[in-house]
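The numbers here are math on the coordinates, done by the rules we state, and not lab data. These numbers were taken from a predicted model, which means no experiment stands behind them. When we count neighbours, we look across all protein chains shown, and the Cβ atoms used for this are built from the backbone with ideal geometry, even at glycine.
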Amino acid sequence: MRSVEVASTWPVGNVAVAVVTPDGVAGSLGDQQRVFPLASVTKLLTSYAVLVAVEEGAVEWDQPAGPEGSTVRHLIAHTAGYAFDKAEVQAAPGTRRIYSNAGFDVLASFVGEACEMPFATYLHEAVFAPLGMNSSALAGSAGAGAESCAADLALFAAELLSPRLVSAELVAEATSVVFPGLNGVLPGYGMQKPNDWGLGFEIRDSKSPHWTGLSFSPRTFGHFGQSGTFLWVDPEISAACVALTDLRFGPWAVEAWTPFSDGVRAELVSRRA
């Protein structure tokens, strides 16, 4: 795909891109085996492990977890009320969308206890091993501490497009808005009204500005990371894109990612016309 070649102009040391469709990898750039820190793209992997735990019956969405009045559903949707980086309650559950790494750590601990193993082990056994993501690991926090490569994340993106580890119905639920209408800050892009989120997956909806493209459907979901990484899925065109870099998110990414993703989407659409 010619559109992915644009990523070679980004001001980064190393970059790896993979575009995924139901037929496989449609285009790629860079070393697909190079391992990068994912930062908050980790939350997609953590969330999928939670989906597996729910599917297995190890945990339930409405189980109490976290601060008083909070549930597993609140924690994974950033509505438990925790602050960004510490388990300090700043709001009543369900009243604000406060993006929280701390909430994901609490969530992971809860799931690990329910499954009677460290969460990193559960993530490996529930997601990485079955999908063949052999270069992926949770080396730090459940919210931002995973490491992976483009080849592995392409396998994960394929799973999101056509689920095998959990039901398609559960993935559809997880990638639909929960606790709709809540405002909140999208890190790097400011206050969003509303700041819609699914069960661990950020939903594009009508957010502006946003890190995906201007042409993307409101149903687009995914996540980006402060380490200069992103993964999006646009169900309207049944396609996904992974981009990993070694340069922290900043103005360069705000300027580069949106036109890049619009170009990838346009090329995919034109191929099917």
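Largest first and in whole Å, the equivalent-ellipsoid semi-axes of segment 132-174 read 21, 14, 8, each the square root of five times a Cα gyration tensor eigenvalue. Determine, at each q value in 0.24 (inverse angstroms), the log₁₀ of I(q)/I(0) that the Debye formula gives when each Cα of segment 15-61 is one equal point scatterer. Taken in order of the listed q values, log10 I(q)/I(0) reads -0.91.
Here Lys207 is the anchor, and the lysines within straight C-alpha reach of less than 19 Å, apart from those fewer than 8 places off in the same chain, are Lys193. Taking Asp31, Asp62, Asp23 in turn, the Gaussian network model of the chain (Cα-Cα springs below 10 Å) assigns the largest fluctuation to Asp23. Choose one answer from Phe249, Phe128, Phe36: the residue with the largest mean-square fluctuation in a GNM of the chain with alpha-carbon springs under 10 Å. For the chain, modelled as a Gaussian network with Cα springs under 10 Å, the answer is Phe249.
Using the rule -39500 (n - 2.57) for each DSSP H run of four or more residues, divided by the residues of the chain, the 222 nm mean residue ellipticity is -9000 deg cm²/dmol.
The Asp85 and Ser8 beta-carbon pair, evaluated with R₀ = 25 Å, returns a calculated FRET efficiency of approximately 0.15.
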